[in-house]
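Trainee: Following this message is one structure expressed as structure tokens.
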Amino acid sequence: MEYLTTANVLLWLFLTVAFYFVFLSHWLVAASLFPDYVGKCENRYSRPIVTTLVGLLFTVVPITIGLVIANVAPPFLKWIGILITTVPILAGLMGTAGLAQRIGRGMPAPVDDQQPWRRVLRGGTALALTFLLPILGQLIVIPLVVASGVGASVLTWFARRPTSAPTPPPLQP
């Protein structure tokens, strides 16, 4: 039986804090580097259930295939399985920056116009705090949030681009 020692408590405390900061930093970096993309992902959360269901489809299938390849394939092909597994996770982190921004938009502050990243910081802080709920937070909330981020990313990638009407030729006098 493992005893509850200070070292074990500190281990879990620091692991939890590290995960918290990893999520928050990914959201801030995504919003800083790709503000238009994050804004489009934010708009996808107007239909959160559809976004999450699409995300579950595009998360479970590639991660399952990637894990099978990583475990069954010869050693030189294991990297392909690892890559197939990590792409949806990274897409999910990028897409959930839109969710963090949407949550932050619901908590407005006077400096939002000058510092739009603060929306993501506030929303991401609130969102990441939901991950701290023992067992439910780690086993249900985090996977669903990442899957919804994959859904937001996929729906943004495959969104119909607005087509501009062809410019008519100039009239000749």
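Computed from the coordinates by the stated procedures, all read-outs in this text should not be read as laboratory data. The structure displayed is predicted, hence computed values, not measured ones. Cβ atoms come from the backbone with ideal geometry, glycine included; neighbour counts cover every protein chain shown.
Trainee: When the dipole is taken about the Cα centre of the range 102-161, and only Lys, Arg (+1) and Asp, Glu (-1) are charged at their Cβ, what size is it in debye, to the nearest 20?
Mentor: Working: 7 positive and 2 negative charges, 43 e Å.
Charge dipole of the range 102-161: 200 debye, to the nearest 20.
Trainee: If you don't mind, there's one more thing I want to ask. Please list 3J(HN,Hα) in residue order for the range 137-146, calculated via the Karplus relation 6.51 cos²θ - 1.76 cosθ + 1.60 where θ = phi - 60°; whole Hz, with x for glycine and proline.
Mentor: x, 7, 9, 10, 5, 4, x, 5, 5, 5
Trainee: Continuing with this model, one more query. To the nearest 20 debye, what is the magnitude of the charge dipole of the chain about its Cα centre, counting +1 on the Cβ of each Lys and Arg and -1 on the Cβ of each Asp and Glu? Please list the in-between numbers first.
Mentor: Details: 11 positive and 5 negative charges, 79 e Å.
The calculated dipole for the chain is roughly 380 debye.
Trainee: Show me 62-70, 27-35 ranked by packing, highest mean number of other Cβ atoms within 10 Å first.
Mentor: Numbers: 62-70: 16.3, 27-35: 18.4.
Result, highest mean first: 27-35, 62-70.
Trainee: Could you give the Stokes-Einstein D for the chain in µm² per second, using the C-alpha Kirkwood radius, 10 °C, 1.306 mPa s? If you can, show how the numbers build up before the last one.
Mentor: On the way: Rh = 18.0 Å.
Rounded, D is 88 µm²/s.
Trainee: Over all directions, average the projected area of the Cα convex hull of the range 47-106 and note it in nm².
Mentor: Details: hull surface 16.8 nm².
For the Cα atoms of the range 47-106, the hull's average projected area reads 4.2 nm².
Trainee: Also: In terms of the Cα gyration tensor, with a ≥ b ≥ c the square roots of its eigenvalues, is the range 1-91 rounded because a/c is under 1.5, prolate because a/b exceeds b/c, or oblate?
Mentor: oblate
Trainee: Using packing as a proxy for protection, rank 132-140, 42-50 so that the peptide with the highest average count of other Cβ atoms within 10 Å comes first.
Mentor: Numbers: 132-140: 11.4, 42-50: 16.3.
Peptide ranking by packing, descending: 42-50, 132-140.
Trainee: Moving to a separate point now. Residue-wise, which Karplus ³J(HN,Hα) couplings in Hz belong to the range 109-117, taking 6.51 cos²θ - 1.76 cosθ + 1.60, θ = phi - 60°, and x for glycine or proline?
Mentor: Running phi through 6.51 cos²θ - 1.76 cosθ + 1.60 with θ = phi - 60° gives 9, x, 8, 4, 5, 7, 9, x, 5 Hz.
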